Amino acid sequence: MQWRNLYRGFFMGISDLIPGVSGGTIAFILGIYDELLASISGIFSRNWKKHIGFLLPLGIGIGATLLLFSRVIEYLLKYHTAPTQYFFMGLVIGVLPFISRQADVKRNFTWKHFMIILLVGAALASLAFIKPQDTTVITSLTASNAIGLFFAGWAGSMAMLLPGISGSFILLILGVYSTAIGALSNFNLPIIAVIGAGVIVGFIVSSKAISYLLKYFTYITFAIIIGLIIGSLFVIYPGIPESGTPFVMSVIAFFTGLVVANMFSSPNKASIINN
């Protein structure tokens, strides 16, 4: 068992609670993105024990964080929105140099790749102007809403694995975010189980697709990922904070995020390119 994945799961869990922040981006920062995809894809292979040893501690860390910190994140986003979002903006910007080194942008990117970055970034940034659905919080299951929650979890998990796209933001757009956070805060097991089942299925399907793209369309995929990460900044951006304490806290939070990303995204991290 790779028990150090417990703390990695903590960071990924925190990010997955915040609309606009991608767990995939955090996996990039921590240098485990390739192994995460390989482990999810290989869960039913002959080497399943190895992959379980990687995923189980990570899953425990993520799950415990979702349950224990959902109310904390609700509080921070409600009363300290700007500093919280600026911290994650620092994380997102801080991971870009690491990904650029992985892709060796100067050597491998042409004008086509930069066009992909521009188009993908603009497409994701446009989500910042989408008004989430105003729906009531679901507290009990019916046949119809269970199906909807399952596929919402599926869609959210596919977004979680893509750096730059927030699974929480997808849930927000679909009108399920408040239901999911409420279920976690109040330990509503039926709701958690249905959404969680969708998340698991989405992880398995999307991990195989992303692994395939990284292997056979490496630099196009890197360009898409960079575009997604840049575009996500517009989704996270909370606006210029008020002068005084909120402004100072936001600046400190932003640079703290940059430092944290730089600490984890060291140059000696293994390449995520599938050779």
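The values are calculated or read from the model by the stated rules, or taken from the named source; none is laboratory data. Not measured: the values here are computed from a predicted model. With ideal geometry, Cβ positions are generated from the backbone for all residues, glycine too; neighbour counts draw on all protein chains shown. For accessibility, only protein heavy atoms count, side chains too; no ligands or nucleic acids. Shrake-Rupley method; radii C 1.70, N 1.55, O 1.52, S 1.80 Å.
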With the cut-off at 1.5 for a/c, could you classify segment 23-121 from its C-alpha gyration tensor as rounded, prolate or oblate? oblate
Virtual spin-label span in nm between V201 and F217, 7 Å along Cα→Cβ: 2.5
Evaluate E = 1/(1 + (r/R0)^6) for T245 and L77, where r is the Cβ-Cβ distance and R0 equals 25 Å; express this FRET efficiency to the nearest 0.05. 0.90
Tell me what the chain gives for mean residue ellipticity at 222 nm when only DSSP H runs of n ≥ 4 count, each as -39,500 (n - 2.57), the sum divided by the residue total, rounded to 500 deg cm²/dmol. -25000 deg cm²/dmol
What is the chain's relative contact order, in percent, from Cα pairs under 8 angstrom and six or more apart in sequence? 34
Between L189 and S100, the two model label points (7 Å from Cα along the beta-carbon direction) sit apart by a distance in nm of 5.0
Per its Cα gyration tensor (rounded if a/c is under 1.5, else prolate when a/b beats b/c, else oblate), segment 1-45 is best filed as prolate
Close lysine pairs (the chain; alpha-carbon distance under 24 Å; 8 or more apart or on separate chains) counted at 11
Accessible area (Å², per residue) of the chain, counting only protein heavy atoms and a probe of 1.4 Å: 50
Pick out the long, greasy-scoring helices in the chain: whole DSSP H runs spanning 15 Å or more along their own axis by Cα, mean Kyte-Doolittle at least 0.0. 5-16, 48-79, 81-103, 111-125, 143-161, 189-216, 218-236, 245-264
Hey, rough spin-label estimate for I147 and K208, points 7 angstrom out along Cα→Cβ, what's it come to in nanometres? 2.4
If the chain between V137 and K50 were fully extended at 0.36 nm per residue, the gain over the current Cα-Cα distance would be 27.4 nm
